[in-house]
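Worksheet: one structure, shown below.
Taken together, the values in this text are just the output of simple stated rules run on the coordinates, not laboratory data. Computed from a predicted model, the values in this text were never measured in an experiment. No Cβ is skipped: glycine too gets one built from the backbone with ideal geometry, and neighbour counts run over all protein chains shown.
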Amino acid sequence: MLRLFLLFMLLVHGLIHVLGFVKAFRLGAVAQLSKDISKPLGLFWLLAAALFVLAIVFILLKKEWWPMGIVAVVLSQILIFSSWQDARFGSIANVVILLAAILAWGSWRFEKSYQTDVTVALERSNARPDELLTENDIQDLPAPVQQYLRYAGVLNKPKVKNMRIVFAGQMRDKGKDWFPFRSEQYNCFDEPTRLFFMKGKMYGMTVPGYHAYKNGVATMQIKVYGLFPVVNIKGDVLSKAETVTVFNDMCLMAPASLIDKSIQWEAIDSTSAKAVFTSNGISISAILYFNPEGQLINFTSDDRSALDMQQYRFSTPVYGYKDFHGYKLMEQGDAVWHYPEGEFVYGKFFLQEIEYNVSGLKK
């Protein structure tokens with residue numbers, strides 16, 4: 001709704017500027033403008049109109065429109081001052097468009113910080129040599145983990161240096177409604193790194209969130225339009241929680257990474273195994289559950305904390321597998337807190353895209 005209002009405002013405001021051009025070149029009667037306008041100034045009125053229309057095109061193409069919008073507003077306001085008596089009310093439209101452009105700039109700047117982190121991490125991880133993952137690499141893993149890697153189709157393919165994932169889904173907090181989201185994330189495995197950028201829809205607004213885990217430190221930021229903080233968390237508790245999340249991603253999204261020397265495995269039985277994962281001095285444990293076919297169907301850990309900074313059992317049951325470019329991976333999964341009063345599903349994730357060993361940031 002807000003987007004449609006902005007498009008309408010840009011279109012009407014832009015078309016009004018054409019009147020200045022018509023007045024200057026005497027192409028028709030313009031009763032709204034009583035003051036004469038020179039032809040050079042008339043061309044600037046036309047340029048302002050073109051900039052507003054171009055901003056509309058950029059919005060429709062889902063490109064960054066705010067630089068165009070700000071230039072258009074500045075030029076428009078200068079022209080309005082030159083015909084203040086007749087055009088002063090156009091300042092109201094300029095204020096509205098300028099505020100929208102500032103909000104768009106805030107979102108762009110927030111996402112740009114994520115993109116910069118991704119570029120640095122990918123350059124580092126891609127410096128590692130290319131190697132194939134073979135049967136010899138998995139011989140020391142528990143039997144169900146070996147079966148899972150064979151089922152997933154990771155053998156005789158390149159070892160994973162990094163990955164890019166796109167999810168669609170829904171999330172909620174206790175006592176609140178579901179909201180839809182779409183996320184993109186990059187994980188690197190030379191130094192455990194997880195850079196997760198989410199765009200959620202709440203009350204008709206896009207609310208971006210950035211979860212970063214790098215150099216053993218985790219941060220979580222959620223900002224309305226990238227400007228107004230809603231959540232800003234960091235510290236040892238979050239870093240430990242994100243260490244669990246990093247390992248969960250490895251298990252579900254990058255089975256080939258489970259040969260990593262930072263994982264200590266303990267066999268339990270034919271359909272489960274325990275793992276202790278250590279990253280930057282933080283150790284967490286998890287139990288993985290498999291079905292007879294070799295699919296990983298659940299992951300549980302008692303080392304992850306919720307937003308209240310209290311530890312509860314965390315699990316990610318999986319529903320269905322699908323072929324993604326020759327790899328069999330989970331298609332849908334839930335994120336569940338096991339509170340004392342009962343299980344609470346707080347996230348539903350649907351895997352949309354996944355690719356390994358990406359060379360750079362995907363625009």
Determine, from the Cβ-Cβ distance of E266 and Q85 and an R0 of 56 Å, the FRET efficiency 1/(1 + (r/R0)^6), rounded to the nearest 0.05.
-> 0.10
Taking H as built 1.01 Å from N, whose amide H comes closer than 5 Å to the amide H of Y312, not counting residues under 5 places away?
-> R304, A306
How much length, in nm to one decimal, is gained on full extension between D173 and A127, taken as 0.36 nm per residue of separation minus their Cα-Cα distance?
-> 12.6 nm
Pairing the Cα long axis of helix 66-82 with the longest principal axis of the chain, what angle in degrees results, from 0 to 90 and rounded to the nearest 10?
-> 20 degrees
Kindly flag which residue pairs out of K201/K362; K112/K363; K322/K348; K157/K214 have an alpha-carbon separation exceeding 19 Å in this structure.
-> K201/K362; K157/K214
Listing I287, I56, I165 by rising number of other beta-carbon atoms within 10 angstrom, fewest first, gives I287, I56, I165
R0 of 45 Å, Cβ-Cβ distance L7-Q139: FRET efficiency to nearest 0.05 = 0.15
FRET efficiency for M309 and V230, Cβ-Cβ distance as r, R0 = 22 Å, nearest 0.05?
-> 0.85
Would you compute the Debye intensity of segment 2-103 from its alpha-carbon atoms alone, equal scatterers and no solvent, and pass along log10 I(q)/I(0) at q = 0.11, 0.15, 0.17 Å⁻¹ to two decimals?
-> -0.30, -0.55, -0.69
Once V96 and V57 are pulled to full extension, the length gained, defined as 0.36 nm per residue separation minus their Cα-Cα distance, is 12.2 nm
Using the Cα atoms as the points, what is the convex hull volume per residue of the chain in Å³?
-> 158 Å³
Nearest-ten-degree value, helix 2-24 long axis tilted from longest Cα axis of the chain = 30 degrees
Pairing the Cα long axis of helix 90-125 with the longest principal axis of the chain, what angle in degrees results, from 0 to 90 and rounded to the nearest 10?
-> 30 degrees
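What order do you get for M309, M220 when you list them from fewest to most C-beta neighbours inside 10 Å?
On the way: M309 11, M220 18.
Ordered by Cβ neighbours within 10 Å, fewest first: M309, M220.
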